[in-house]
């Protein structure tokens with residue numbers, strides 16, 4: 001059993017790049033399963049997929065940033081900002097397509113993480129599902145390959 005957290009510790013402060021990569025893979029797998037539960041014409045039925053996909057992307061980028069020496073506190077300070085997180089990853093050597101970088105800026109700008117959780121009335125105006133899937137797959141494959149080489 002892991003030790004209890006103390007009042008000045010933060011869950012995830014001792015996370016390892018490998019641990020976050022594993023967790024990201026689980027969220028990616030869950031997103032794939034949840035995509036199959038969506039129903040055409042019912043935007044809310046895809047919200048669980050969206051949330052898991054966005055969270056998986058965030059975890060993949062966090063795993064990469066940790067693996068190249070970014071401190072956990074600096075990563076945590078980014079919140080759910082995929083734009084800044086991806087820009088930092090690119091600056092540290094992760095190669096992503098421009099379209100993917102732009103999509104992550106859009107995800108952050110539209111606050112899709114929060115919309116997926118709380119704003120059913122805005123879901124139909126969010127990213128196309130295939131675009132979100134493509135972003136997740138690219139980030140997952142490139143982060144995984146890069147971390148396996150290290």
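Flag not set for residue 60, criterion: part of a helix (DSSP H, G or I), modelled with pLDDT under 95, buried (at least 19 other Cβ atoms within 10 Å of the Cβ) and under 13 Å from the mean Cα position of the chain (by Cα).
For the stretch 138-150, a tally of residues being part of a helix (DSSP H, G or I) and surrounded by fewer than 15 Cβ atoms within 10 Å (Cβ to Cβ) returns 4.
Just so you know, in the stretch 31-44 the residues that are under 19 Å from residue 115 (Cβ atoms) and touching a helix residue (DSSP H, G or I) at 6+ places or on another chain (Cβ under 9 Å) include one that is surrounded by the most Cβ atoms within 10 Å (Cβ to Cβ), and it is 31. Candidates 102, 132: the one that is modelled with pLDDT of 95 or more, within 16 Å of the chain's Cα centre (by Cα), surrounded by fewer than 16 Cβ atoms within 10 Å (Cβ to Cβ) and part of a helix (DSSP H, G or I) is 102. Consider the stretch 107-126 and keep the residues that are surrounded by fewer than 20 Cβ atoms within 10 Å (Cβ to Cβ) and in a loop (DSSP other than H, G, I, E, B). The one that is farthest from the chain's Cα centre (by Cα) is 119. Figure legend. Inter-residue proximity from the stretch 33-48: first residues on the phi < 0 side of the Ramachandran plot and in contact (Cβ under 8 Å) with a residue 12 or more places away in the chain, second residues surrounded by fewer than 18 Cβ atoms within 10 Å (Cβ to Cβ) and assigned to a loop (DSSP other than H, G, I, E, B), beta-carbon distance below 7 Å, spacing 6+ or different chains. Indicated pairs: 46/38.
Kindly provide the set of residues from the stretch 29-44 that are in a helix (DSSP H, G or I), at pLDDT below 95 and more than 18 Å from residue 106 (Cβ to Cβ), ordered by number. Passing the criteria: only 44. Going by the conditions given, is residue 25 surrounded by 14 or more Cβ atoms within 10 Å (Cβ to Cβ), touching a residue at least 40 places away in the same chain (Cβ under 8 Å) and more than 22 Å from residue 85 (Cα to Cα)? No: the conditions fail for residue 25.
The values are calculated or read from the model by the stated rules, or taken from the named source; none is laboratory data. Here the structure is a predicted model, which is why all the values come from computation and not from measurement. Virtual Cβ from ideal backbone geometry, glycine too; neighbours counted across all protein chains shown.
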